[in-house]
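The structure appears right after this line, and notes come after that.
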Amino acid sequence: MSDNSTGTVTFLFTDIEGSTERWQRDELMSAALAAHDRTIRAAVERHGGIVFKHTGDGVCAVFVSAPSAVAAAVEAQAGLELPVRMGLHTGEAESRDGDYFGPTLNRAARVMDAGHGGQVLVSSATAGLVRDRELVDLGEHRLKGLETVEQILQVGVGEFPVLRTLRPVVGNLPVELSTFVGRMDELKSLVEELEAHRLVTLIGVGGTGKTRLSIEAAGTVSESFPDGCWMVELAVVSVPEAVPFAFCSGLGITAPSDGDVMGHLAARLRDKRLLIVLDNCEHLLAASADAVEHIIASCPGVVVLVTSREPLMIRGERLVPVPSLLPEEAERLFLERARDEAPDLVIDDEQARAIAELCERLDGLPLALELAASRVRAFTPIELVTNLEERFRMLVGGRRSRMERHQTMRGTLDWSYELCSEVEQTVFDRLSVFPAGFDLSAARAVAGGDGVSEFDVLDVVPQLVDRSLLQRTVASDGTTRYRMLETMRAYGREHLQHQGASDTTRARHAAHIATTISALALRTLGPDEQQVLQRLDEYLPDGLVALDWCIDHQEWENGLRCIPSLSVTIERELNAMLVRLHDAARVGGIAADLLDELEARDPRLTLAESLEQAMDRGWRTIRERRPIPSDRFALPPHFAFMDGGLAAADVEEYLDSLDHWVTAPPVVRFVAEWAAIRTLIHNGHVELAEQRLSHITTLATELQSARAARFVDELHGAIARTRREWADAAHWYGKVLEAADGELGNWLDLAAAWHLLAARSLGPGDVEIGGDDLRDPWRCYHREQLDVLRWHGAVSTALALHRLGQTGLADRFVAWAYQSDTIDIMASANFGGLLEIAGLPTAEAAADDDLDALLAELFEVADELDRPTT
């Protein structure tokens with residue numbers, strides 16, 4: 001079978017009987033395990049099969065021929081020393097990305113599970129295709145997780161114990177007619193919990209598949225309960241007084257006409273060994289808790305498995321959260337259910353990408369996926385994704401056998417929402433404005449007000465977690481964060497719109513995010529800088545939403561506060577935010593000082609003007625002595641001079657202007673000093689720059705910042721480069737890159753990498769240049785879209801190519817650099833001077849190359865450098 005296709009194949013599943021954990025500690029047994037794997041793989045491949053997966057000690061193989069699959073199994077068994085059981089089944093399966101999906105695999109695994117070490121079992125489907133083997137009919141058997149019985153046959157006449165199959169089920173568990181997809185880890189964990197505890201509660205948001213998981217787990221452990229597995233369904237029960245009667249009905253016990261129903265029930269169950277699945281009890285928590293507590297205390301052989309959207313909160317309760325499906329599991333579920341609805345469904349690559357997006361945006365919720373799959377008779381997956389803004393109109397229908405609230409996604413959420421108090425509903429709705437995670441302080445700032453106190457929020461947030469309406473996570477700094485699934489957010493935002501409360505809540509959110517991000521930005525250089533940068537990354541979705549609000553309402557100051565500086569891990573996104581704010585602000589009438597700061601902060605905007613214009617703006621802002629904000633990062637005007645012209649007559653005034661920034665926050669003061677020293681270096685005032693190095697080194701030490709120390713190292717490298725001291729320059733730029741650990745991720749890394757390449761290209765002749773030295777910086781340039789550094793890259797690459805003897809390609813890189821230069825930056829000593837040293841062209845030449853073509857040739861040179869010499 002080719003990828004992304006469906007066809008009939010035979011699967012061979014193998015597994016070592018018993019645990020191999022102790023064998024892994026024994027060298028002899030470890031060698032036996034390795035030999036076991038080689039033997040099976042060789043037999044499979046010899047008979048035309050493919051091993052496509054390993055499962056612990058097991059192997060999954062696929063064959064297009066059933067006889068070949070059986071032959072491989074027999075041959076492998078003959079050469080194995082360890083007790084391996086094997087199972088084969090033939091049927092349709094989907095091949096996708098080197099893996100296989102569909103119920104055929106599940107049945108093959110269950111056939112294998114029934115066997116013993118040394119035994120080869122086949123299903124009736126496989127047996128019907130095998131004519132040259134002696135098969136022993138072992139009869140029909142019920143297999144775990146399968147609703148229909150399976151006839152099992154044994155290959156050969158060996159003697160083995162009775163098969164490990166299920167006894168006839170005692171109880172009233174429903175027979176599921178659809179396959180159980182995914183959640184194998186959760187199922188295994190739940191079975192272990194049921195073996196260790198007498199009260200286990202599955203909690204999770206509505207539609208996450210708690211009931212289906214509980215039924216699957218009950219069927220798996222049914223052999224441990226000789227008196228059966230019984231489901232007690234409370235969804236249709238509306239009053240607490242009816243709960244004991246629902247227990248009697250579900251357990252097949254006649255309730256007394258009068259008297260103590262729970263006492264009667266406990267007396268009947270006291271000597272029984274059984275499992276009760278109590279389903280959907282969140283609307284009757286107190287009555288359910290009382291009943292369960294009574295049974296657990298009175299009936300030592302009874303185990304209770306509860307499904308609920310919040311805990312019972314009684315002693316001995318073991319909580320097992322049911323998360324969303326993993327992405328690959330969600331896609332499998334959607335595909336299987338969609339093919340039930342439309343067997344002729346064709347999934348090409350574009351539709352497959354739409355399915356992946358659909359599953360992500362539906363949060364991997366099984367109910368939402370099944371409802372979406374029920375619409376494939378009318379819509380393609382691409383159309384479903386396109387219409388997800390109307391998800392509550394789209395996610396309706398499904399099988400008539402569903403209970404009413406599971407006929408629509410809105411009905412499922414309404415069930416949970418209506419169990420909340422008015423204050424809980426209000427807080428939930430307001431928290432839906434957060435696009436990602438948030439902490440308790442953010443919740444209090446945004447959800448409080450207008451009749452809801454901050455203490456209300458403090459009480460309600462844990463209650464929403466208990467009700468599975470909020471998810472609790474742990475942030476990078478170890479603090480608690482909360483988040484809503486996207487479907488929940490859409491539901492809450494819809495309520496806000498209907499109530500006319502959306503604008504007020506979003507305004508509070510924007511104000512809080514602006515304050516939070518601006519405060520964090522002032523700590524981006526300091527002892528906890530890595531944690532701060534991580535938090536800024538986490539706040540990016542909030543910053544984008546808050547920026548939209550600020551632009552729509554022309555709150556320019558807050559908009560600027562929503563965009564952190566020096567957060568190099570998300571630099572591309574931040575530059576895009578600055579461009580959006582700048583474009584909107586110029587139309588909307590932003591104040592001149594904020595517009596100046598915006599244009600200084602974004603490299604793309606700087607490149608749109610000449611260096612002379614940037615310098616004029618810098619002088620203007622210096623001489624105006626504008627107030628320095630103390631509560632946010634403000635970029636000092638000295639940035640405008642880094643590549644501009646600073647005449648000797650202006651140096652004293654320029655440096656005196658730094659005194660104005662002494663009162664700025666420490667991070668801003670450091671940046672002002674760093675930018676000033678860079679300007680001195682770039683304009684030839686190297687001695688003055690060197691004199692200020694001790695001062696900025698002291699600032700970096702006071703900040704206790706490893707990042708600030710890298711900025712100082714970069715200044716040392718720039719001084720050495722200006723003095724043409726190439727070995728020293730390479731040393732300092734190498735120090736800057738030590739912290740990058742081989743992964744270039746921001747403008748400082750990229751600039752240092754290209755300066756290092758230039759220094760090594762112009763330095764001593766015994767310094768080698770490798771393929772990665774040429775490739776890695778350009779890959780970073782494209783990944784991060786750092787256009788401001790393209791001339792550094794072109795010149796440094798040309799120097800390296802010239803050093804390697806690739807003079808023609810070197811000249812073409814120089815020509816491209818001149819051709820793309822709109823602000824005369826190539827005329828500066830920073831570039832033209834380096835080209836002159838190497839003897840490369842220092843004037844614009846005709847060029848018709850584009851960068852992609854040049855890089856393709858460059859990467860060929862890099863690949864040649866990496867090839868070993870003989």
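The values are calculated or read from the model by the stated rules, or taken from the named source; none is laboratory data. Note that this is a predicted model, so its numbers are computed, not measured. All Cβ positions, glycine included, derive from the backbone under ideal geometry; neighbour counts span all protein chains shown. With ligands, DNA and RNA removed, areas are computed over all heavy atoms of the protein, side chains included. Shrake-Rupley method; radii C 1.70, N 1.55, O 1.52, S 1.80 Å.
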**Item:** Test result for V423, out of contact with any Gly (no Cβ under 7 Å at 6 or more places or on another chain) and in contact (Cβ under 8 Å) with a residue 40 or more places away in the chain
**Value:** no
**Message:** Given the criteria open to solvent by 10 Å² or more (accessible area, probe 1.4 Å), modelled with pLDDT under 90, part of a helix (DSSP H, G or I) and over 21 Å from V205 (Cβ atoms), does S249 qualify?
**Reply:** yes
**Request:** Look at S298 and say whether it is modelled with pLDDT of 90 or more and touching a helix residue (DSSP H, G or I) at 6+ places or on another chain (Cβ under 6 Å).
**Result:** yes
**Prompt:** Can we say E94 is open to solvent by 10 Å² or more (accessible area, probe 1.4 Å), in a helix (DSSP H, G or I) and of a type in the set (D, E, K, R)?
**Reply:** no
**Prompt:** Pick from L278, L305, L319: which is touching a Ser or Thr at 6+ places or on another chain (Cβ under 7 Å), open to solvent by 30 Å² or more (accessible area, probe 1.4 Å) and part of a strand (DSSP E or B)?
**Reply:** L319
**Request:** Please indicate, with yes or no, whether at least one residue in region 692-714 is in contact (Cβ under 8 Å) with a residue 40 or more places away in the chain, of a type in the set (A, V, I, L, M) and within 22 Å of S761 (Cβ to Cβ).
**Result:** no
**Message:** For the structure I just gave you, tell me whether V51 is of a type in the set (A, V, I, L, M), at pLDDT 90 or above, touching a Lys or Arg at 6+ places or on another chain (Cβ under 7 Å) and open to solvent by less than 50 Å² (accessible area, probe 1.4 Å).
**Reply:** yes
**Message:** G79 - would you say it is open to solvent by 20 Å² or more (accessible area, probe 1.4 Å) and over 25 Å from E331 (Cβ atoms)?
**Reply:** yes
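This table checks each residue for (1) over 27 Å from L419 (Cα atoms); (2) in a helix (DSSP H, G or I); (3) not small (G, A, S).
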| residue | (1), (2), (3) |
| --- | --- |
| H264 | yes, yes, yes |
| A267 | yes, yes, no |
| D271 | yes, no, yes |
| E293 | no, yes, yes |
**Message:** Suppose the filter is more than 28 Å from G833 (Cα to Cα), touching an Asp or Glu at 6+ places or on another chain (Cβ under 7 Å) and of a type in the set (A, V, I, L, M, F, W, C); does A634 pass it?
**Reply:** yes
**Complete:** Within region 529-546, of all residues that are in contact (Cβ under 8 Å) with a residue 24 or more places away in the chain and either polar (S, T, N, Q) or not in a helix (DSSP H, G or I) (or both), the one surrounded by the most Cβ atoms within 10 Å (Cβ to Cβ) is Y539
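Residue-by-condition table, conditions (1) of a type in the set (D, E, K, R); (2) at pLDDT 85 or above; (3) in a helix (DSSP H, G or I); (4) in contact with a helix residue (DSSP H, G or I) (Cβ under 9 Å, 6 or more places away or on another chain):
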residue: A817; (1), (2), (3), (4): no, yes, yes, yes
residue: T822; (1), (2), (3), (4): no, no, no, yes
residue: M826; (1), (2), (3), (4): no, no, yes, yes
residue: N830; (1), (2), (3), (4): no, no, yes, yes
residue: A846; (1), (2), (3), (4): no, no, no, yes
residue: A856; (1), (2), (3), (4): no, yes, yes, no
residue: V861; (1), (2), (3), (4): no, yes, yes, yes
residue: L865; (1), (2), (3), (4): no, yes, yes, yes
residue: P868; (1), (2), (3), (4): no, no, no, no
**Request:** Would you check which residues across region 148-160 are open to solvent by 80 Å² or more (accessible area, probe 1.4 Å) and touching a residue at least 12 places away in the same chain (Cβ under 8 Å) and list them?
**Result:** V157
**Request:** Could you list, in sequence order, all residues of region 174-217 that are in contact with a strand residue (DSSP E or B) (Cβ under 8 Å, 6 or more places away or on another chain), part of a helix (DSSP H, G or I) and within 26 Å of S249 (Cβ to Cβ)?
**Result:** L190, L194, K210, T211, L213, S214, I215, A217
**Message:** Restricting to region 102-131, give me the number of residues that are surrounded by fewer than 18 Cβ atoms within 10 Å (Cβ to Cβ) and either in a strand (DSSP E or B) or in contact with a helix residue (DSSP H, G or I) (Cβ under 7 Å, 6 or more places away or on another chain) (or both).
**Reply:** 2
**Message:** One residue is enough: does region 428-439 have a residue meeting the conditions of a type in the set (D, E, K, R), open to solvent by less than 10 Å² (accessible area, probe 1.4 Å) and modelled with pLDDT of 90 or more?
**Reply:** yes
**Message:** Just to verify a result, which residue in region 156-173, among those that are touching a Cys at 6+ places or on another chain (Cβ under 9 Å) and in a loop (DSSP other than H, G, I, E, B), is modelled with the lowest pLDDT?
**Reply:** V169
**Selection within region 62-87 - under 30 Å from P327 (Cβ atoms) and aliphatic (A, V, I, L, M)** = V62, V64
**Request:** State all residues of region 43-77 that are within 25 Å of M184 (Cβ to Cβ) and of a type outside the set (A, V, I, L, M); if no residue qualifies, say none.
**Result:** G49, F52, K53, H54, T55, G56, D57, G58, C60, F63
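Residue by residue, here is whether (1) β-branched (V, I, T); (2) more than 40 Å from the chain's Cα centre (by Cα) holds:
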position: D137; (1), (2): no, yes
position: R142; (1), (2): no, no
position: V162; (1), (2): yes, yes
position: G171; (1), (2): no, yes
position: V175; (1), (2): yes, no
**Asked** What are the pairs, 6+ residues apart or on separate chains, where a residue within region 436-461 that is in a helix (DSSP H, G or I) has its Cβ under 8 Å from a residue that is modelled with pLDDT under 90 and open to solvent by less than 40 Å² (accessible area, probe 1.4 Å)?
**Response** V461/L470
